[in-house]
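A.B. asks: First the structure, then my questions, so here it is.
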Amino acid sequence: MMGNHTTASTFLLWGFSSFPDLQGLLFVVIFFSHVTILAANVCIMVAIKLSHNLHTPMYFFLCGLSFSETCTTMAIIPRMLVDLLSDSKAISLPECATQMFFFFGLGANNCFIMAAMSYDRYTAIHSPLHYKVLMTHKICFQFMMASWMAGFLVSLCIVITVFNLSFCDSNIIEHFFCDISPVVCLACDYTSHHEMAIFVLSAFVLVGSFVFIMMSYVFIVSRVVKMPSAKGKYKAFSTCSSHLTVVCIHYGFAGFVYLRPKDRDSFREDMLMAVTYTVLTPLLNPIVYSLRNKDMQTALRKVLGKTNRFIPQMGSRRTLDIKNVQTVDK
């Protein structure tokens with residue numbers, strides 16, 4: 001996967017070096033954000049797994065999205081935290097390629113899962129009588145597998161394109177992870193053909209899935225406005241509001257970073273935006289789905305209630321065991 005003329009074998013992730021006095025604070029904020037992201041997504045996945053009324057296509061895709069976003073943050077944030085405490089900030093070429101592969105593969109997977117969720121909402125509203133036939137568990141599983149395969153296939157094409165370049169200009173990446181633009185700007189033989197190939201692949205994921213989602217919502221809205229009941233309209237829109245909110249957040253940040261023209265002066269701005277979509281967006285998504293969905297709120301209360309009951313039971317058993325031991329001693 002590496003070009004024959006590559007001279008640089010190690011990169012330096014120099015993104016946070018611009019803020020030497022803030023690295024300690026950044027570590028604390030990002031660490032607790034990461035813990036919150038993991039806990040929130042795990043709670044969503046467990047709640048969906050344990051609640052039988054949530055065993056529907058919409059929550060199946062939401063569970064897959066939560067798992068994918070958890071993996072996405074794991075590809076970036078742990079390394080980010082290590083670099084905040086480290087002085088070297090060095091990353092080898094294979095490690096950089098691996099990080100880029102998983103980050104963009106999982107990011108593309110998130111886009112395709114959101115597209116599948118929009119199709120699920122369209123089917124539920126447009127063909128409610130045939131919904132169970134059109135969205136069986138097998139079909140949902142096939143959608144999920146297609147999202148994973150397409151996402152990692154696009155990511156593999158991007159990584160092959162990037163790491164077949166020759167890196168002989170510098171080895172300092174002005175970012176906190178191996179993002180496309182900061183890496184390709186270190187290449188000696190990066191041409192407009194490479195730029196076009198990467199742009200087309202990025203646009204296929206972002207623009208392609210976004211257009212599909214918007215088309216689904218155009219049909220959804222056209223169907224809902226024809227409903228005679230105001231209650232039916234409200235119920236239909238409420239089932240889509242959480243998904244549409246997450247779509248706007250996700251595509252807004254990702255499109256700003258990956259689909260606009262690049263130059264070296266934009267790296268600092270891109271890096272600040274990257275902090276947003278690698279830390280803030282995965283943090284907001286579980287909150288949006290839990291706050292705007294009564295079924296999810298009920299399921300989360302049950303899961304958290306069981307956890308809270310389990311802890312006192314453990315404590316009471318331990319107390320009982322101590323009393324038994326004291327009795328035996330007497």
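A.B. asks: What residues have an amide H closer than 5 Å to that of residue 172, excluding those fewer than 5 places away on the same chain, when H is modeled at 1.01 Å from N in the peptide plane?
C.D. replies: 12
A.B. asks: Does the range 1-81 come out rounded, prolate or oblate, given a ≥ b ≥ c as the square roots of the eigenvalues of its C-alpha gyration tensor, rounded meaning a/c under 1.5 and, failing that, prolate meaning a/b above b/c? Can you show the working numbers first?
C.D. replies: On the way: a/c = 5.22, a/b = 1.70, b/c = 3.07.
The shape class here is oblate.
A.B. asks: Using the Cβ atoms and a cut-off under 15 Å, what net charge is assigned to the surroundings of residue 108, where Lys and Arg are +1 and Asp and Glu are -1?
C.D. replies: On the way: positive: none; negative: 69, 179.
Charge balance in the 15 Å sphere: -2.
A.B. asks: Under Stokes-Einstein, with the Kirkwood radius over Cα pairs standing in for Rh, what whole-number D in µm²/s applies to the range 88-238 at 10 °C and 1.306 mPa s?
C.D. replies: In µm²/s, the coefficient is 89.
A.B. asks: Now a separate question. For a quick check: with amide H placed at 1.01 Å from N, whose amide H comes under 5 Å from residue 166's, ignoring anything fewer than 5 positions away on the same chain?
C.D. replies: Close amide H contacts, sequence-distant or interchain: 188, 189.
A.B. asks: Given the -39500 (n - 2.57) contribution per DSSP H run of 4+ residues, what per-residue ellipticity at 222 nm results for the chain, rounded to the nearest 500 deg cm²/dmol?
C.D. replies: Computed ellipticity for the chain at 222 nm equals -26000 deg cm²/dmol.
A.B. asks: Taking only protein heavy atoms into account and a 1.4 Å probe, give the accessible area per residue of the chain in Å².
C.D. replies: For the chain, the solvent-accessible area averages 52 Å² per residue.
A.B. asks: Give, as a single signed number, the net charge of other residues whose beta carbon lies under 13 Å from the beta carbon of residue 52, with Lys and Arg counted +1 and Asp and Glu -1.
C.D. replies: +1
A.B. asks: Another question, then. At R0 = 22 Å, how high is the FRET efficiency between residue 211 and residue 98 if r is their beta carbon distance? Nearest 0.05 is fine.
C.D. replies: Working from the Cβ atoms, E equals 0.10.
A.B. asks: To continue, here is another question. Treating the beta-carbon of each Lys and Arg as +1 and of each Asp and Glu as -1, no other charges, what is the dipole magnitude of the chain about its Cα centre, to the nearest 20 debye?
C.D. replies: The dipole magnitude comes to about 2360 debye.
A.B. asks: Another question, then. Students often get this wrong, so try it: which of (i) 23.3; (ii) 20.6; (iii) 17.3 is mean projected area of the Cα convex hull in nm² as calculated from the structure shown?
C.D. replies: (i)
A.B. asks: Here is a further query. For each pair in 49/294; 49/231; 49/235; 49/138; 231/294, compute the distance between the two Cα atoms and list the pairs where it is over 27 Å. List each step's numbers first, then the result.
C.D. replies: Numbers: 49/294 17 Å; 49/231 30 Å; 49/235 24 Å; 49/138 17 Å; 231/294 16 Å.
Cα-Cα > 27 Å for 49/231; rest within.
A.B. asks: Moving to a separate point now. Using 20 Å as the cut-off for backbone N distance, which residues of the range 56-88 belong to the label zone defined by a point 7 Å from the Cα of residue 131 along Cα→Cβ?
C.D. replies: 56-65
A.B. asks: If you rank 134, 25, 300, 65 by how much accessible surface each has, with a 1.4 Å probe, what is the order from largest down?
C.D. replies: Values: 134 70, 25 110, 300 30, 65 5 Å².
Ranking 134, 25, 300, 65 by accessible area, largest first, yields 25, 134, 300, 65.
A.B. asks: Okay, moving on. Place the peptides 140-149, 55-64, 237-246 in order of packing, highest mean first, counting for every residue the other Cβ atoms within 10 Å and averaging per peptide. Could you put the intermediate results ahead of the total?
C.D. replies: Working: 140-149: 16.3, 55-64: 21.7, 237-246: 17.9.
Highest mean packing first, the order is 55-64, 237-246, 140-149.
A.B. asks: On the accessible surface of the chain, probed at 1.4 Å, how many percent belong to carbon and sulfur atoms?
C.D. replies: On the way: 11800 of 17320 Å².
Roughly 68 percent, rounded to a whole number.
The values are calculated or read from the model by the stated rules, or taken from the named source; none is laboratory data. All of these numbers come straight from a predicted model, not from anything done at the bench. With ideal geometry, Cβ positions are generated from the backbone for all residues, glycine too; neighbour counts draw on all protein chains shown. All accessible areas refer to the heavy atoms of the entire protein, side chains included, with ligands and DNA or RNA removed. Shrake-Rupley method; radii C 1.70, N 1.55, O 1.52, S 1.80 Å.
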